[in-house]
Structures are given as C-alpha cells and as structure tokens.
Amino acid sequence: MTINFANIQNPIIEMHDFELKWRFTEEKYDILPASNLDQIKPLSYEAADFLHQYIRSTELHADEPFKKSLFQKVEHMYILEGNEKEVKNWLYQRGIPVDKNVLVSWSKEVGVMVPWKILIEHFDSFYYAGSDDLTVLDESSAWALLFAHWDTIFFGTKENLKRTKNPVSQEDF
C-alpha cells in the first residue's frame, strides 16, 4: 500500500511497540492518563517515513526554521524553565482546532498522529529540550510547527489561515 495523507492513519502500530512509548508510560518521564494515551496513534515505519519524506520534499526546513517561500508569517515562543503554562496558552492561540489530528515527526522512523489538544497538554512529553527537533503539521500545508532543540517553538502560516475559535478555553490547559 502506498502511504499518503488520506490513509496515513491506517498503518498505525500499538503503543507497546512504539519506540518512544517511555515518554508517555514510564514514571521516570511521564505517565499520561489512559484516555490521553489512547489518542496517541504511533505511525508505522512506512507512515513515519512518508511523513519525513514529505517534509524533505517540500524543503520545509530548508531555511531555519522554515523555507522562506512557504509561509508569510512565522511566530516563535521560547521554552523556559517554569513557563509551561505560557507555552500551552501560546500553542492554544495558534487557532488549530483542539480536536484536529496533527502529525508529529521526530525522524524518518518515528512519528505519531495525535489530537492538537493532547499535544498542547503534554507538549513537554513530546518535546525534550536540547535533543528533539520535532515537526508538527497536517495535510493542509497551510501551517507547520517546529519545536527546535534550542528551546524555541516556531509556527509558520500562510497569510490566509483562519484562526479557529476553539470550543474549550485556555484554562483547560
């Protein structure tokens, strides 16, 4: 089967087989509630590779943080000790619907599909400062997010991206 955005959710693997499951299931790191953990869908190797190849083929990160011609607007937020609430609020304010499934890529072998709200709530389990470069996007190509290993999050958007009024409030984070 050829993987594309229409069927990327089909070839998922079980969480117990996911190479980064420890980030979400071990006390030493973080233990997510079962209701949140169930919504994280690890991608198969083929699906993770498709996502990685898409990022490479679009040259998404050709310039830091994004290829200059892809987005009209790039915003950023610093991740500092103790500013988790501010980071969550900033992510929430990007206007992505909280129930929207987004794709997260760590590498050509590792990726997940997860609702935006779960990514916001547990961003510090998905992203480890100093080691991860984490790309987040959806099939629209209207926006992309980069958690850069130097403790900065970048959000690139096309000019016409409409900010969605989310049905939950920021206080939910």
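Here are the numbers:
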{"item": "Set Lys21/Lys108; Lys68/Lys117; Lys41/Lys158 screened for pairs whose C-alpha atoms are more than 22 Å apart", "result": "Lys68/Lys117; Lys41/Lys158"}
{"item": "Label point 7 Å beyond Cα of Met1 along Cβ direction - residues of segment 14-35 with amide nitrogen under 15 Å", "result": "14"}
{"item": "Simple spin-label estimate for Lys21 and Ser69 in nanometres, 7 Å along Cα-Cβ", "result": "4.4"}
{"item": "Per-peptide average of other Cβ atoms within 10 Å, ordering 78-90, 50-62 highest first", "result": "50-62, 78-90"}
{"item": "Cα-based reach from Lys100 at 13 Å (exclusive), listing aspartates and glutamates while leaving out same-chain residues under 8 positions away", "result": "Asp138, Glu139"}
{"item": "Sorted by Cβ density within 10 Å, fewest first, the residues Lys117, Lys108", "result": "Lys108, Lys117"}
{"item": "Length added when fully stretched, Lys158-Arg56, from 0.36 nm per residue minus Cα-Cα", "result": "34.8 nm"}
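Where a number appears in this text, it was derived from the coordinates with a stated rule and is not lab data. Here the structure is a predicted model, which is why all the values come from computation and not from measurement. All Cβ positions, even for glycine, are placed from backbone atoms using ideal geometry, and neighbour counts span all protein chains on display.
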